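Trainee: The structure that follows is given in the form of structure tokens.
The values are calculated or read from the model by the stated rules, or taken from the named source; none is laboratory data. All of these numbers come straight from a predicted model, not from anything done at the bench. All Cβ positions, glycine included, derive from the backbone under ideal geometry; neighbour counts span all protein chains shown.
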Amino acid sequence: MSIDQIETAGSDRSLSTTIIAEKGGAVHRPAVEPGRLFINGVWRTGKGNGRREVLDPSTGQAVTTVVDGNGDDVDAAVQAARAAFDEGPWARMPGRERARILLRVADLIRKHGEELALLESVDVGKPIIFSRSIDVSTVVQQYEFFASQAQNLEGATRTIPIPSMAYTRPEPIGVVGAITPFNFPLILSNSKIAPALAAGNTIVHKPAEDTPLSALRMAELFAEAGIPDGVVNVVTGGAQVGEALVRHPLVDKIAFTGSTGVGRTVAGLAGQFLKPVTVELGGKAPYLIFDGADVEAAVGATISGFVFNTGQFCMGITRLLVARPLLDTVIEAVAAGAAQVPVGDPFLESTVVGPMGGKRHLAKVEEYVRIAREEPGARIVTGGQRLDLGGAYYAPTVVTGLSNDSRLVQEEIFGPVLTVQPFDTEDEAIALANSTPYGLAAGLHTGDVSQAHRVAARLQAGIVWVNSWALLDPAIPFGGHKQSGYGREYGPEALAEYTQVKSVVIPLG
Ligand code: NAD
């Protein structure tokens, strides 16, 4: 092997990653050193002895280990975040100064983009092409966008019927506990951390137990950018760490992304302590193809929308609803296209679909496909099996002929499985689209602009895409309707989730 470059990022304070790039551009899995906890600007070993293996889902092999934190670790991190909020400069700094530091974070992410992309791919099994072009580049945009919001964080003056000066101040809430899921570690962690920082809060972050690597590397970049010690702390571990964070009396707000079941537990617990909470939860996105739509474009959007991130995407297309005259053509084209999507090693630049996040995710998909096989009238048009590629691989799968109350249609599968159902009228399409407990995202393809507006207004979802899929940007808010949660990420709306309004009234008479 002819080595082009060996780069060792980090220092003795950090999670150290070794990147080996071979001449000719082949991409290698990074070597990662065991992770520690990041508390008050220092890497610590953890108060208990617990460690967890981090597995590469494409091989099932351990990549490294991280601390399996406990309540004492959470307490140490929260105390650090509390002191940084109450006594440190971050919350009191002018928004313009925080913005300058957040822009430095964006620059550092750009500079270390390849390393972060490799970490994300080895941790989650994401194809490297997407870790670079979507995950890393989105996080850069998040910091750029929320830097602009930090500069514009302003209150308002109000007029009342007596001579007075009355105004509002948007103030940070305090210590934010951020709990995040396994499927988009970089994007979803920083969709919380960036606005929380912009508003002047301090943070204790608990990344998903399966995919904690990029969060640990980001902690070091925050320090390098000049974010003061204690402002961002990372405690790795499982549910015990998350729960300790929700229960901790010095945590002022919880920002959670994950499954609806765990979200319910977290929101319930936060409610007991009267803690504000945002919960970004599961999805079951419908995609409606109306007669008169550009069928080729709709089929393309459907295929990428249901296989992207191996279907482990809360906004992924899961239920395809098709105008009956187009049904056979669409099923045939979607199945043929899905069967040709390159599935394989995430470190090959030709790979579009990698493995699932691990064995438990694979087992869940297999169980749903088994249920489909037992349902009268159901037909697996393509896929329906594991792929023997060494890791947690599953073939993109299309299922037709299911009843609307089938568990495959109603429940979140979170894998590369698409169900297809016909409709005869616009009303029926909308009724089917709105018939699950979820309401995170929805989409439609139509050639009729009036229909686009009419249907978008009636779909129960936090975001609706017309003649497109998954166009996301930090400027555009998203969040759940119904059991997909409450609160908004992105947009100026996200800043509102991390600020509280104080009114100041001074009579002038
Ligand atoms: P999960 O609910 O199993 O875990 C999410 C996080 O919660 C993890 O960090 C986990 O350790 C922690 N946790 C588990 N039990 C806890 C408890 N009792 N108290 C506190 N924390 C606890 O979710 P997952 O499997 O990692 O992620 C997939 C789910 O996330 C899917 O349902 C998906 O739809 C959802 N998701 C939603 C969005 C969104 O924006 N709405 C985005 C991505 C993923």
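Trainee: Return the residues of the range 457-509 that are part of a strand (DSSP E or B) and either of a type in the set (A, V, I, L, M, F, W, C) or within 14 Å of the ligand (Cβ to nearest atom) (or both); say none if nothing qualifies.
Mentor: Taking the range 457-509 and keeping what is part of a strand (DSSP E or B), we get 463-466, 478, 485-486, 489, 499-507.
Across the range 457-509, the qualifying residues are 463, 464, 465, 466, 478, 485, 486, 489, 501, 504, 505, 506.
Trainee: Which of (1) assigned by TED's automatic domain parsing to the domain that holds residue 65; (2) within 13 Å of the ligand (Cβ to nearest atom); (3) crowded, with 24+ Cβ neighbours inside 10 Å; (4) not aliphatic (A, V, I, L, M) does residue 318 not meet, given it meets every other one?
Mentor: Result: residue 318 fails condition (1) only.
Trainee: Scan the range 245-260 and report the pairs whose first residue is over 15 Å from residue 206 (Cα atoms) and whose second residue is at pLDDT below 95, with Cβ atoms within less than 6 Å and a gap of 6+ or a chain change.
Mentor: none
Trainee: Of the conditions (1) under 20 Å from residue 499 (Cα atoms); (2) within 11 Å of the ligand (Cβ to nearest atom), residue 252 satisfies every one except a single condition; which number is it?
Mentor: With (1) under 20 Å from residue 499 (Cα atoms); (2) within 11 Å of the ligand (Cβ to nearest atom) applied to residue 252, the lone miss is (2).
Trainee: Considering only the range 414-448, state which residues are in a loop (DSSP other than H, G, I, E, B), touching a residue at least 24 places away in the same chain (Cβ under 8 Å) and away from the ligand (no atom under 16 Å from the Cβ). If you could, list the steps in order and put the result at the bottom.
Mentor: If we filter the range 414-448 for residues that are in a loop (DSSP other than H, G, I, E, B), which is where we start, we get 414-416, 424-425, 434-440, 446-448.
Within this subset, residues satisfying the condition of being touching a residue at least 24 places away in the same chain (Cβ under 8 Å) are 414-416, 424, 434-440, 446-448.
Hits for the range 414-448 are 424, 434, 435, 446, 447, 448.
Trainee: Let me ask another. Of the conditions (1) among the β-branched types (Val, Ile, Thr); (2) at pLDDT 90 or above; (3) under 28 Å from residue 389 (Cβ atoms), residue 39 fails just one. Which one is it?
Mentor: Tallying (1) among the β-branched types (Val, Ile, Thr); (2) at pLDDT 90 or above; (3) under 28 Å from residue 389 (Cβ atoms), residue 39 fails exactly one: (3).
Trainee: Within the range 283-309, how many residues turn out to be of a type in the set (Gly, Ala, Ser), away from the ligand (no atom under 12 Å from the Cβ) and not in a helix (DSSP H, G or I)?
Mentor: Residues of the range 283-309 that are of a type in the set (Gly, Ala, Ser), as a first pass: 283, 285, 292-293, 297-298, 300-301, 304-305.
Adding the requirement that they be away from the ligand (no atom under 12 Å from the Cβ) leaves 292-293, 297-298, 300-301, 304-305.
Among the residues that remain, those that are also not in a helix (DSSP H, G or I) are: 292-293.
Here the count works out to 2.
Listed here are the residues, each with its yes/no results for (1) farther than 30 Å from residue 262 by Cα; (2) part of a loop (DSSP other than H, G, I, E, B).
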residue	(1), (2)
101	yes, no
117	no, no
126	no, yes
142	no, no
147	yes, no
162	yes, yes
167	yes, no
178	no, no
181	no, yes
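Trainee: Mind listing whichever residues of the range 162-178 are within 15 Å of residue 497 (Cβ to Cβ) and more than 12 Å from the ligand (Cβ to nearest atom)? Quick ask: steps written out before the conclusion?
Mentor: So the first thing to find is which residues in the range 162-178 are within 15 Å of residue 497 (Cβ to Cβ), and the list is 170-178.
Scanning the range 162-178 gives 170, 171, 172, 173, 174, 175, 176.
A quick yes/no check of all residues on (1) farther than 20 Å from residue 274 by Cβ; (2) assigned by TED's automatic domain parsing to the domain that holds residue 104; (3) within 16 Å of the ligand (Cβ to nearest atom); (4) of a type in the set (A, V, I, L, M):
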site: 180; (1), (2), (3), (4): yes, yes, yes, no
site: 189; (1), (2), (3), (4): yes, yes, yes, no
site: 201; (1), (2), (3), (4): no, yes, no, no
site: 213; (1), (2), (3), (4): yes, yes, yes, yes
site: 222; (1), (2), (3), (4): yes, yes, no, no
site: 230; (1), (2), (3), (4): yes, yes, no, no
site: 239; (1), (2), (3), (4): yes, yes, yes, yes
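Trainee: Hey, another quick one. I'd like to check something: does the range 364-386 contain any residue that is under 23 Å from residue 118 (Cα atoms) and within 28 Å of the chain's Cα centre (by Cα)? Reasoning before the result, please.
Mentor: From the range 364-386, those under 23 Å from residue 118 (Cα atoms) are none; that's our starting set.
Looking through the range 364-386, none of the residues is under 23 Å from residue 118 (Cα atoms) and within 28 Å of the chain's Cα centre (by Cα).
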